[in-house]
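Taking it in order: structure first as C-alpha coordinates, then the write-up.
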Amino acid sequence: MTLPDWSAVRALTPAPLNQLFDADPSRVAALSADVAGIRFDWSKTHLTAEAVQAFAALADSTGLAAKRDALFAGHAINVTEGRAAEHTAERGEGAPESVARARGFHGRMRALIDAIEAEALGPVRHILHIGIGGSALGPDLLVDALGRDADRYDVAVVSNVDGLALEEAFDRFDPQATIIAVASKTFTTTETMLNADSALGWLQGNGVEDPYGRVIALTAAPDKAIAWGVDETRVLPFAESVGGRYSLWSSIGFPAALALGWDAFEEMLEGAAEMDRHFRLTPLEKNAPALAAFADLYYTQARGCETRATFAYDERLRLLPSYLQQLEMESNGKRVTADGQPVTWPTAPITWGGVGTDAQHAVFQLLHQGTRLVPVEFVGVIEPGDSQADSHHNQLLLNMFAQGAALMAGRAHQDQARAYPGDRPSSTLLLDRLDPRTLGALLAFYEQRTFVNAVLLGINPFDQFGVELGKEMARAAEQGGDFDASTTDLIQRAFG
Ligand code: F6P
(Lines give C-alpha, C1' and ligand atoms only; values in the text may rest on other atoms or scores of the structure.)
Protein backbone atom coordinates (compact mmCIF):
# COMPACT_ATOMS: atom_id res chain seq x y z
CA MET A 1 0.00 0.00 0.00
CA THR A 2 1.10 3.58 -0.63
CA LEU A 3 1.90 5.32 2.62
CA PRO A 4 0.80 8.94 2.94
CA ASP A 5 3.45 11.51 2.05
CA TRP A 6 2.76 14.50 4.26
CA SER A 7 5.44 16.76 2.79
CA ALA A 8 3.07 18.88 0.66
CA VAL A 9 0.65 19.27 3.57
CA ARG A 10 3.43 20.17 6.01
CA ALA A 11 4.83 22.70 3.54
CA LEU A 12 1.57 24.65 3.48
CA THR A 13 1.91 28.12 4.96
CA PRO A 14 -1.58 29.58 5.00
CA ALA A 15 -1.92 33.23 6.05
CA PRO A 16 -3.73 34.05 9.29
CA LEU A 17 -7.47 33.54 9.04
CA ASN A 18 -8.40 37.23 8.99
CA GLN A 19 -6.03 37.78 6.06
CA LEU A 20 -7.49 34.79 4.23
CA PHE A 21 -10.92 36.41 4.52
CA ASP A 22 -9.59 39.83 3.43
CA ALA A 23 -7.87 38.32 0.41
CA ASP A 24 -10.87 36.34 -0.83
CA PRO A 25 -14.42 37.69 -0.74
CA SER A 26 -15.72 34.31 -1.92
CA ARG A 27 -14.04 32.37 0.88
CA VAL A 28 -17.26 31.41 2.64
CA ALA A 29 -18.81 30.11 -0.58
CA ALA A 30 -15.64 28.25 -1.52
CA LEU A 31 -15.27 26.54 1.84
CA SER A 32 -18.81 25.62 2.65
CA ALA A 33 -21.31 23.01 1.54
CA ASP A 34 -25.04 22.47 1.97
CA VAL A 35 -25.99 18.84 2.27
CA ALA A 36 -29.18 17.18 3.55
CA GLY A 37 -30.33 20.18 5.55
CA ILE A 38 -26.92 20.92 7.05
CA ARG A 39 -24.72 23.91 6.36
CA PHE A 40 -21.03 23.03 6.71
CA ASP A 41 -18.68 25.98 7.01
CA TRP A 42 -14.89 25.47 7.06
CA SER A 43 -14.05 29.06 6.12
CA LYS A 44 -12.75 29.74 9.64
CA THR A 45 -10.19 26.97 9.28
CA HIS A 46 -6.85 27.41 7.54
CA LEU A 47 -7.97 25.37 4.54
CA THR A 48 -7.18 27.15 1.28
CA ALA A 49 -7.58 26.15 -2.36
CA GLU A 50 -3.93 25.11 -2.28
CA ALA A 51 -4.46 23.02 0.83
CA VAL A 52 -7.51 21.32 -0.63
CA GLN A 53 -5.45 20.53 -3.71
CA ALA A 54 -2.64 19.06 -1.61
CA PHE A 55 -5.14 16.86 0.24
CA ALA A 56 -6.85 15.84 -3.00
CA ALA A 57 -3.44 14.67 -4.24
CA LEU A 58 -2.95 12.75 -1.01
CA ALA A 59 -6.40 11.23 -1.41
CA ASP A 60 -5.39 10.19 -4.88
CA SER A 61 -2.13 8.60 -3.82
CA THR A 62 -3.71 6.73 -0.89
CA GLY A 63 -6.51 5.44 -3.14
CA LEU A 64 -9.49 7.14 -1.48
CA ALA A 65 -11.82 6.75 -4.48
CA ALA A 66 -11.13 3.03 -4.84
CA LYS A 67 -11.42 2.45 -1.09
CA ARG A 68 -14.69 4.38 -0.98
CA ASP A 69 -15.99 2.19 -3.83
CA ALA A 70 -14.81 -0.89 -1.96
CA LEU A 71 -16.63 0.29 1.19
CA PHE A 72 -19.93 0.66 -0.66
CA ALA A 73 -19.41 -2.52 -2.69
CA GLY A 74 -19.07 -4.59 0.47
CA HIS A 75 -15.47 -5.67 -0.18
CA ALA A 76 -13.39 -6.86 2.75
CA ILE A 77 -11.86 -3.47 3.59
CA ASN A 78 -11.56 -4.36 7.26
CA VAL A 79 -8.37 -6.14 6.29
CA THR A 80 -7.16 -7.15 9.74
CA GLU A 81 -10.40 -9.02 10.39
CA GLY A 82 -10.91 -10.05 6.78
CA ARG A 83 -14.41 -8.70 6.41
CA ALA A 84 -16.47 -5.90 4.91
CA ALA A 85 -17.77 -2.86 6.80
CA GLU A 86 -21.39 -2.75 5.75
CA HIS A 87 -23.12 -0.14 7.87
CA THR A 88 -24.13 1.78 4.73
CA ALA A 89 -26.09 -1.26 3.49
CA GLU A 90 -28.34 -0.76 6.53
CA ARG A 91 -29.48 2.49 4.95
CA GLY A 92 -29.80 1.07 1.45
CA GLU A 93 -26.37 2.04 0.09
CA GLY A 94 -24.26 -1.03 -0.46
CA ALA A 95 -23.94 -4.34 -2.26
CA PRO A 96 -27.42 -5.41 -3.43
CA GLU A 97 -27.33 -8.68 -1.48
CA SER A 98 -26.24 -6.88 1.70
CA VAL A 99 -28.93 -4.24 1.25
CA ALA A 100 -31.51 -7.01 0.78
CA ARG A 101 -30.27 -8.81 3.90
CA ALA A 102 -30.45 -5.57 5.93
CA ARG A 103 -33.99 -4.96 4.65
CA GLY A 104 -34.95 -8.45 5.79
CA PHE A 105 -33.57 -7.78 9.28
CA HIS A 106 -35.32 -4.41 9.39
CA GLY A 107 -38.54 -6.15 8.39
CA ARG A 108 -38.17 -8.48 11.38
CA MET A 109 -37.54 -5.53 13.67
CA ARG A 110 -40.58 -3.72 12.34
CA ALA A 111 -42.79 -6.78 12.81
CA LEU A 112 -41.70 -7.09 16.43
CA ILE A 113 -42.32 -3.38 17.00
CA ASP A 114 -45.81 -3.77 15.54
CA ALA A 115 -46.39 -6.71 17.86
CA ILE A 116 -45.21 -4.74 20.90
CA GLU A 117 -47.43 -1.83 19.92
CA ALA A 118 -50.33 -4.26 19.64
CA GLU A 119 -49.47 -5.42 23.20
CA ALA A 120 -48.63 -8.95 22.06
CA LEU A 121 -46.02 -8.96 24.84
CA GLY A 122 -48.50 -7.48 27.31
CA PRO A 123 -48.55 -3.85 28.35
CA VAL A 124 -45.22 -2.13 27.64
CA ARG A 125 -44.38 1.38 28.79
CA HIS A 126 -40.69 1.10 29.59
CA ILE A 127 -37.72 -0.08 27.56
CA LEU A 128 -34.60 -0.99 29.45
CA HIS A 129 -31.84 -1.06 26.83
CA ILE A 130 -28.71 -2.82 28.07
CA GLY A 131 -25.53 -2.52 26.02
CA ILE A 132 -22.18 -0.78 26.07
CA GLY A 133 -19.97 1.17 23.66
CA GLY A 134 -21.45 1.09 20.18
CA SER A 135 -24.35 -0.94 21.47
CA ALA A 136 -25.39 1.95 23.73
CA LEU A 137 -23.96 5.30 22.62
CA GLY A 138 -25.82 5.50 19.31
CA PRO A 139 -29.29 4.48 20.55
CA ASP A 140 -28.85 6.68 23.62
CA LEU A 141 -28.03 9.69 21.42
CA LEU A 142 -30.98 9.02 19.10
CA VAL A 143 -33.51 8.71 21.88
CA ASP A 144 -32.13 11.67 23.80
CA ALA A 145 -32.03 13.88 20.70
CA LEU A 146 -35.34 12.99 19.14
CA GLY A 147 -37.45 11.33 21.80
CA ARG A 148 -38.06 14.20 24.16
CA ASP A 149 -41.63 14.80 23.07
CA ALA A 150 -42.37 11.18 22.32
CA ASP A 151 -44.77 9.88 24.93
CA ARG A 152 -44.91 6.37 23.50
CA TYR A 153 -42.33 4.69 25.73
CA ASP A 154 -39.80 5.60 28.39
CA VAL A 155 -36.31 4.45 27.47
CA ALA A 156 -33.36 3.95 29.81
CA VAL A 157 -30.00 3.02 28.30
CA VAL A 158 -27.83 1.25 30.86
CA SER A 159 -24.23 0.60 29.94
CA ASN A 160 -22.07 0.78 33.05
CA VAL A 161 -21.51 -2.37 35.05
CA ASP A 162 -21.77 -0.19 38.16
CA GLY A 163 -25.00 -1.49 39.68
CA LEU A 164 -26.07 2.06 40.40
CA ALA A 165 -26.76 2.57 36.70
CA LEU A 166 -29.23 -0.32 36.71
CA GLU A 167 -30.77 0.74 40.00
CA GLU A 168 -31.59 4.17 38.60
CA ALA A 169 -33.58 2.50 35.83
CA PHE A 170 -35.22 0.04 38.23
CA ASP A 171 -36.37 2.97 40.40
CA ARG A 172 -38.04 4.63 37.43
CA PHE A 173 -39.63 1.62 35.81
CA ASP A 174 -42.56 -0.65 36.55
CA PRO A 175 -41.27 -4.24 36.08
CA GLN A 176 -44.70 -5.40 34.89
CA ALA A 177 -44.57 -2.90 32.01
CA THR A 178 -40.88 -3.15 31.10
CA ILE A 179 -39.20 -4.94 28.25
CA ILE A 180 -35.46 -5.51 28.27
CA ALA A 181 -33.46 -5.08 25.08
CA VAL A 182 -30.08 -6.79 25.43
CA ALA A 183 -27.86 -5.16 22.80
CA SER A 184 -24.57 -6.82 22.09
CA LYS A 185 -23.02 -7.57 18.75
CA THR A 186 -21.04 -10.46 20.19
CA PHE A 187 -23.44 -11.37 23.02
CA THR A 188 -20.40 -12.03 25.18
CA THR A 189 -19.53 -8.61 26.58
CA THR A 190 -19.08 -9.13 30.31
CA GLU A 191 -20.68 -5.91 31.51
CA THR A 192 -23.72 -6.33 29.28
CA MET A 193 -24.30 -9.96 30.20
CA LEU A 194 -24.00 -9.23 33.94
CA ASN A 195 -26.42 -6.30 33.63
CA ALA A 196 -28.79 -8.45 31.59
CA ASP A 197 -28.71 -11.21 34.24
CA SER A 198 -29.43 -8.69 36.98
CA ALA A 199 -32.27 -7.12 35.00
CA LEU A 200 -33.82 -10.58 34.56
CA GLY A 201 -33.45 -11.11 38.29
CA TRP A 202 -35.24 -7.81 38.90
CA LEU A 203 -38.17 -8.90 36.73
CA GLN A 204 -38.28 -12.27 38.46
CA GLY A 205 -37.99 -10.76 41.93
CA ASN A 206 -40.89 -8.46 41.14
CA GLY A 207 -43.29 -11.19 40.17
CA VAL A 208 -43.01 -11.08 36.38
CA GLU A 209 -44.17 -14.53 35.36
CA ASP A 210 -42.03 -15.14 32.30
CA PRO A 211 -39.00 -12.83 32.53
CA TYR A 212 -37.33 -14.26 29.42
CA GLY A 213 -40.56 -13.53 27.56
CA ARG A 214 -39.84 -9.83 28.17
CA VAL A 215 -36.36 -9.91 26.67
CA ILE A 216 -35.39 -8.92 23.16
CA ALA A 217 -31.90 -9.58 21.84
CA LEU A 218 -30.19 -7.23 19.39
CA THR A 219 -27.15 -9.04 18.11
CA ALA A 220 -25.00 -10.37 15.32
CA ALA A 221 -24.68 -13.63 17.28
CA PRO A 222 -28.27 -14.95 17.36
CA ASP A 223 -27.18 -18.43 18.42
CA LYS A 224 -25.58 -17.07 21.57
CA ALA A 225 -28.70 -15.08 22.40
CA ILE A 226 -30.88 -18.16 21.95
CA ALA A 227 -28.48 -20.23 24.05
CA TRP A 228 -28.72 -17.57 26.77
CA GLY A 229 -32.49 -17.99 26.81
CA VAL A 230 -34.08 -15.54 24.40
CA ASP A 231 -36.77 -17.02 22.21
CA GLU A 232 -35.79 -16.99 18.54
CA THR A 233 -38.83 -14.85 17.67
CA ARG A 234 -37.46 -12.06 19.82
CA VAL A 235 -33.91 -12.13 18.49
CA LEU A 236 -33.29 -9.25 16.11
CA PRO A 237 -30.12 -10.05 14.20
CA PHE A 238 -27.81 -7.85 12.21
CA ALA A 239 -24.86 -8.66 9.99
CA GLU A 240 -21.42 -9.49 11.39
CA SER A 241 -20.03 -6.98 8.88
CA VAL A 242 -21.69 -4.07 10.72
CA GLY A 243 -19.16 -2.73 13.22
CA GLY A 244 -20.27 -2.00 16.80
CA ARG A 245 -19.73 1.77 16.65
CA TYR A 246 -21.44 1.86 13.25
CA SER A 247 -24.43 -0.22 14.29
CA LEU A 248 -27.13 2.24 15.31
CA TRP A 249 -28.72 1.80 11.87
CA SER A 250 -29.27 -1.91 12.51
CA SER A 251 -31.39 -3.63 15.15
CA ILE A 252 -29.15 -1.93 17.72
CA GLY A 253 -31.35 1.12 16.98
CA PHE A 254 -34.39 -0.85 18.21
CA PRO A 255 -35.21 1.36 21.25
CA ALA A 256 -35.15 4.44 19.02
CA ALA A 257 -37.35 2.78 16.40
CA LEU A 258 -39.81 1.76 19.11
CA ALA A 259 -39.80 5.03 21.01
CA LEU A 260 -39.82 7.35 18.00
CA GLY A 261 -41.89 5.17 15.69
CA TRP A 262 -40.90 3.19 12.64
CA ASP A 263 -41.43 6.06 10.21
CA ALA A 264 -38.96 8.20 12.13
CA PHE A 265 -36.39 5.40 12.09
CA GLU A 266 -36.76 5.03 8.33
CA GLU A 267 -36.40 8.77 7.84
CA MET A 268 -33.17 8.61 9.78
CA LEU A 269 -31.91 5.88 7.45
CA GLU A 270 -32.92 7.99 4.44
CA GLY A 271 -31.06 11.03 5.76
CA ALA A 272 -27.97 8.89 6.23
CA ALA A 273 -28.35 7.48 2.71
CA GLU A 274 -28.50 11.02 1.33
CA MET A 275 -25.20 11.79 3.00
CA ASP A 276 -23.74 8.52 1.67
CA ARG A 277 -24.70 9.47 -1.88
CA HIS A 278 -23.20 12.92 -1.40
CA PHE A 279 -20.00 11.32 -0.15
CA ARG A 280 -19.90 8.85 -3.02
CA LEU A 281 -20.69 11.21 -5.85
CA THR A 282 -19.43 14.72 -4.99
CA PRO A 283 -16.02 15.99 -6.09
CA LEU A 284 -13.62 16.30 -3.18
CA GLU A 285 -13.54 20.11 -3.17
CA LYS A 286 -17.27 20.16 -2.29
CA ASN A 287 -17.45 16.85 -0.47
CA ALA A 288 -18.42 17.45 3.17
CA PRO A 289 -16.84 14.38 4.83
CA ALA A 290 -13.67 14.84 2.74
CA LEU A 291 -13.28 18.55 3.48
CA ALA A 292 -13.86 17.97 7.18
CA ALA A 293 -11.18 15.27 7.17
CA PHE A 294 -8.79 17.54 5.28
CA ALA A 295 -9.18 20.18 7.99
CA ASP A 296 -8.67 17.52 10.69
CA LEU A 297 -5.51 16.28 9.01
CA TYR A 298 -4.12 19.74 8.41
CA TYR A 299 -4.21 20.45 12.13
CA THR A 300 -2.88 17.07 13.27
CA GLN A 301 -0.16 16.65 10.62
CA ALA A 302 0.94 20.22 9.94
CA ARG A 303 0.14 22.08 13.17
CA GLY A 304 0.73 19.43 15.81
CA CYS A 305 -2.79 19.60 17.27
CA GLU A 306 -3.46 16.72 19.63
CA THR A 307 -7.15 17.26 20.21
CA ARG A 308 -10.29 18.45 18.47
CA ALA A 309 -13.29 19.69 20.41
CA THR A 310 -16.94 19.48 19.37
CA PHE A 311 -19.47 21.69 21.11
CA ALA A 312 -23.15 21.08 20.55
CA TYR A 313 -25.10 24.28 20.98
CA ASP A 314 -28.28 22.36 21.49
CA GLU A 315 -29.32 20.46 24.57
CA ARG A 316 -30.80 17.72 22.37
CA LEU A 317 -27.30 16.94 21.09
CA ARG A 318 -25.62 16.83 24.48
CA LEU A 319 -24.61 13.18 23.96
CA LEU A 320 -22.98 13.89 20.60
CA PRO A 321 -19.45 14.40 22.00
CA SER A 322 -19.50 11.01 23.78
CA TYR A 323 -20.80 9.29 20.67
CA LEU A 324 -18.08 10.94 18.58
CA GLN A 325 -15.40 9.93 21.04
CA GLN A 326 -16.05 6.26 20.42
CA LEU A 327 -16.56 6.68 16.69
CA GLU A 328 -13.33 8.58 16.14
CA MET A 329 -11.01 7.33 18.85
CA GLU A 330 -11.91 3.64 18.61
CA SER A 331 -11.77 3.83 14.81
CA ASN A 332 -8.65 5.89 14.25
CA GLY A 333 -6.62 5.64 17.44
CA LYS A 334 -4.15 3.27 15.80
CA ARG A 335 -0.38 2.87 15.75
CA VAL A 336 0.09 0.67 12.71
CA THR A 337 -0.99 0.99 9.11
CA ALA A 338 -3.65 -1.25 7.62
CA ASP A 339 -0.88 -3.65 6.57
CA GLY A 340 0.78 -3.65 9.95
CA GLN A 341 3.68 -1.19 9.58
CA PRO A 342 4.27 1.22 12.49
CA VAL A 343 2.99 4.69 11.60
CA THR A 344 5.43 7.55 12.01
CA TRP A 345 2.77 10.28 11.94
CA PRO A 346 0.09 11.10 14.47
CA THR A 347 -3.22 9.27 14.00
CA ALA A 348 -6.56 10.35 15.47
CA PRO A 349 -6.48 13.32 17.77
CA ILE A 350 -8.30 13.14 21.09
CA THR A 351 -11.96 13.93 20.52
CA TRP A 352 -13.56 15.86 23.33
CA GLY A 353 -16.19 18.50 23.78
CA GLY A 354 -19.36 19.49 25.54
CA VAL A 355 -22.45 21.60 25.32
CA GLY A 356 -22.69 25.31 24.63
CA THR A 357 -23.19 27.68 26.26
CA ASP A 358 -22.12 25.78 29.41
CA ALA A 359 -18.67 25.04 28.04
CA GLN A 360 -18.00 28.75 27.50
CA HIS A 361 -18.01 29.20 31.25
CA ALA A 362 -15.81 26.21 31.90
CA VAL A 363 -13.27 25.30 29.24
CA PHE A 364 -13.27 28.07 26.65
CA GLN A 365 -10.61 30.02 28.56
CA LEU A 366 -8.06 27.48 27.32
CA LEU A 367 -9.43 27.61 23.79
CA HIS A 368 -9.05 31.40 23.64
CA GLN A 369 -5.85 31.95 25.58
CA GLY A 370 -4.19 28.61 26.31
CA THR A 371 -0.90 27.60 24.76
CA ARG A 372 -2.40 24.71 22.79
CA LEU A 373 -4.13 25.08 19.48
CA VAL A 374 -7.46 23.23 19.55
CA PRO A 375 -9.55 23.15 16.37
CA VAL A 376 -13.15 23.59 17.46
CA GLU A 377 -16.30 22.31 15.82
CA PHE A 378 -19.61 24.01 16.58
CA VAL A 379 -22.90 22.21 15.96
CA GLY A 380 -26.14 24.17 16.14
CA VAL A 381 -29.73 23.96 14.95
CA ILE A 382 -31.68 26.86 13.45
CA GLU A 383 -35.14 25.66 14.49
CA PRO A 384 -35.46 25.73 18.27
CA GLY A 385 -36.29 22.60 20.22
CA ASP A 386 -37.93 24.50 23.07
CA SER A 387 -41.05 26.61 23.39
CA GLN A 388 -39.59 29.26 25.66
CA ALA A 389 -39.27 32.89 24.61
CA ASP A 390 -37.24 33.36 21.41
CA SER A 391 -34.53 35.01 23.44
CA HIS A 392 -33.32 31.58 24.66
CA HIS A 393 -32.64 30.10 21.26
CA ASN A 394 -31.43 33.41 19.85
CA GLN A 395 -28.88 33.73 22.62
CA LEU A 396 -27.82 30.13 22.17
CA LEU A 397 -27.07 30.48 18.47
CA LEU A 398 -25.63 33.99 18.72
CA ASN A 399 -23.23 32.77 21.40
CA MET A 400 -22.10 29.97 19.12
CA PHE A 401 -21.48 32.33 16.24
CA ALA A 402 -19.75 34.82 18.55
CA GLN A 403 -17.36 32.17 19.88
CA GLY A 404 -16.23 31.23 16.39
CA ALA A 405 -15.76 34.89 15.51
CA ALA A 406 -13.85 35.61 18.74
CA LEU A 407 -11.53 32.62 18.38
CA MET A 408 -10.62 33.84 14.92
CA ALA A 409 -10.47 37.59 15.47
CA GLY A 410 -8.69 37.66 18.83
CA ARG A 411 -8.01 41.04 20.41
CA ALA A 412 -4.85 43.02 21.01
CA HIS A 413 -4.29 44.49 24.48
CA GLN A 414 -1.36 46.14 26.15
CA ASP A 415 -1.87 43.91 29.13
CA GLN A 416 -0.96 40.46 27.80
CA ALA A 417 -3.25 38.74 30.32
CA ARG A 418 -6.14 40.45 28.58
CA ALA A 419 -4.95 39.90 25.02
CA TYR A 420 -6.37 37.22 22.75
CA PRO A 421 -4.04 35.87 20.09
CA GLY A 422 -6.87 34.97 17.70
CA ASP A 423 -6.32 33.02 14.49
CA ARG A 424 -7.81 30.01 16.25
CA PRO A 425 -9.71 27.74 13.88
CA SER A 426 -13.27 26.54 14.05
CA SER A 427 -15.78 24.92 11.74
CA THR A 428 -19.55 25.19 12.03
CA LEU A 429 -22.28 22.69 11.28
CA LEU A 430 -25.65 24.41 11.22
CA LEU A 431 -28.68 22.16 10.91
CA ASP A 432 -31.96 23.56 9.58
CA ARG A 433 -33.80 21.48 12.14
CA LEU A 434 -33.17 18.45 14.32
CA ASP A 435 -35.39 15.77 12.86
CA PRO A 436 -34.64 12.09 12.16
CA ARG A 437 -33.58 12.77 8.58
CA THR A 438 -31.09 15.49 9.46
CA LEU A 439 -29.70 13.61 12.44
CA GLY A 440 -29.23 10.56 10.22
CA ALA A 441 -27.33 12.69 7.72
CA LEU A 442 -25.21 14.25 10.48
CA LEU A 443 -24.18 10.89 11.93
CA ALA A 444 -23.43 9.45 8.48
CA PHE A 445 -21.29 12.52 7.82
CA TYR A 446 -19.28 11.76 10.95
CA GLU A 447 -18.84 8.13 9.91
CA GLN A 448 -17.64 9.04 6.43
CA ARG A 449 -15.33 11.73 7.74
CA THR A 450 -13.79 9.12 10.05
CA PHE A 451 -13.34 6.86 7.02
CA VAL A 452 -11.60 9.56 4.93
CA ASN A 453 -9.30 10.34 7.84
CA ALA A 454 -8.41 6.64 8.11
CA VAL A 455 -7.71 6.21 4.41
CA LEU A 456 -5.42 9.22 4.29
CA LEU A 457 -3.72 8.09 7.49
CA GLY A 458 -3.20 4.64 5.96
CA ILE A 459 -4.94 2.84 8.84
CA ASN A 460 -7.87 0.44 9.23
CA PRO A 461 -10.72 2.21 11.06
CA PHE A 462 -12.84 -0.91 11.44
CA ASP A 463 -10.93 -3.01 13.99
CA GLN A 464 -10.33 -2.27 17.70
CA PHE A 465 -7.78 -4.72 19.01
CA GLY A 466 -6.62 -2.11 21.51
CA VAL A 467 -9.58 -2.84 23.77
CA GLU A 468 -8.78 -6.52 24.22
CA LEU A 469 -5.80 -6.50 26.60
CA GLY A 470 -7.69 -4.70 29.36
CA LYS A 471 -10.60 -7.14 29.03
CA GLU A 472 -8.20 -10.10 29.36
CA MET A 473 -6.53 -8.54 32.38
CA ALA A 474 -9.91 -7.95 34.05
CA ARG A 475 -10.73 -11.63 33.57
CA ALA A 476 -7.32 -12.59 34.94
CA ALA A 477 -7.88 -10.33 37.95
CA GLU A 478 -11.17 -12.08 38.67
CA GLN A 479 -9.33 -15.39 38.63
CA GLY A 480 -6.61 -14.15 40.98
CA GLY A 481 -3.89 -13.86 38.36
CA ASP A 482 -0.42 -12.40 38.95
CA PHE A 483 0.02 -8.65 38.54
CA ASP A 484 2.60 -5.95 39.17
CA ALA A 485 3.10 -4.79 42.77
CA SER A 486 0.90 -1.71 42.45
CA THR A 487 -2.05 -3.57 40.94
CA THR A 488 -1.71 -6.40 43.47
CA ASP A 489 -1.72 -3.88 46.31
CA LEU A 490 -4.85 -2.17 44.96
CA ILE A 491 -6.66 -5.50 44.54
CA GLN A 492 -5.73 -6.48 48.07
CA ARG A 493 -6.94 -3.19 49.52
CA ALA A 494 -10.29 -3.48 47.72
CA PHE A 495 -10.98 -7.17 48.26
CA GLY A 496 -8.71 -8.16 51.18
O1 F6P B 1 -14.77 -3.21 23.83
C2 F6P B 1 -15.06 -2.48 22.68
C3 F6P B 1 -16.29 -2.98 22.00
O4 F6P B 1 -16.02 -4.17 21.35
C5 F6P B 1 -16.87 -1.94 21.06
O6 F6P B 1 -16.23 -1.92 19.85
C7 F6P B 1 -18.30 -2.33 21.02
O8 F6P B 1 -19.11 -1.31 20.52
C9 F6P B 1 -18.54 -2.63 22.48
O10 F6P B 1 -17.34 -3.22 22.93
C11 F6P B 1 -19.70 -3.54 22.76
O12 F6P B 1 -19.54 -4.78 22.15
P13 F6P B 1 -20.76 -5.75 21.98
O14 F6P B 1 -21.79 -5.04 21.14
O15 F6P B 1 -20.25 -6.98 21.32
O16 F6P B 1 -21.31 -6.03 23.34
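The values are calculated or read from the model by the stated rules, or taken from the named source; none is laboratory data. Nothing here was measured: the structure is a model prediction, and the numbers come from that model. Neighbour counts run over all protein chains shown; Cβ positions are idealised from the backbone, glycine included. Side chains included, ligands, DNA and RNA excluded: accessible areas come from the protein's heavy atoms. Shrake-Rupley method; radii C 1.70, N 1.55, O 1.52, S 1.80 Å.
Figures for the structure shown
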read-out	value
Where labels lie 7 Å past Cα in the beta-carbon direction, separation of A115 and A409 in nm	6.1
Where the Cα pairs of the chain fall when distances are cut into 10 Å bins, in %	4, 19, 28, 25, 17, 7, 1, 0
Carbon/sulfur fraction of accessible area - the chain, other protein chains in place, 1.4 Å, %	51
Whole-number accessible area per residue in Å² for the chain, which is evaluated in the context of all protein chains at 1.4 Å	43
Computed lengthening from D197 to R493, 0.36 nm per intervening residue step minus Cα-Cα distance	103.8 nm
Where L469, L327 fall by accessible area, highest first, once all protein chains stay in place (1.4 Å)	L469, L327
Prolate/oblate/rounded label for segment 88-161 (Cα gyration tensor, a/c 1.5)	oblate
In segment 148-225, the chymotrypsin sites (Phe, Trp or Tyr not before Pro) that fall in loop regions by DSSP, at most 10 other Cβ within 10 Å	none
Potential lengthening between S387 and T80 on full extension [0.36 nm per residue; Cα-Cα distance subtracted]	105.5 nm
Whether segment 95-260 is rounded, prolate or oblate, judged on the alpha carbon gyration tensor where a/c under 1.5 counts as rounded	rounded
Extension reserve of the Q395-E232 stretch, reckoned as 0.36 nm per residue once the Cα distance is removed	53.5 nm
Computed [θ] at 222 nm, deg cm²/dmol, the chain (DSSP H ≥ 4; -39,500 (n - 2.57); rounded to nearest 500)	-13500 deg cm²/dmol
Those lysines that a straight Cα-Cα span of less than 27 Å connects to K471, excepting residues fewer than 8 apart in one chain	K185, K224, K334
Loop-located chymotrypsin sites (Phe, Trp or Tyr not before Pro) in segment 317-416, at most 12 other Cβ atoms within 10 Å (DSSP)	none
In segment 432-490, the trypsin sites (Lys or Arg not before Pro) that fall in loop regions by DSSP, at most 15 other Cβ within 10 Å	R433
Longest exposed-site-free window of the chain, the sites being GluC sites (Glu not before Pro) in a DSSP loop that have at most 10 other C-beta atoms within 10 Å	210-496
Net charge contributed by nearby residues that have their C-beta within less than 12 Å of G353 (K/R +1, D/E -1)	-1
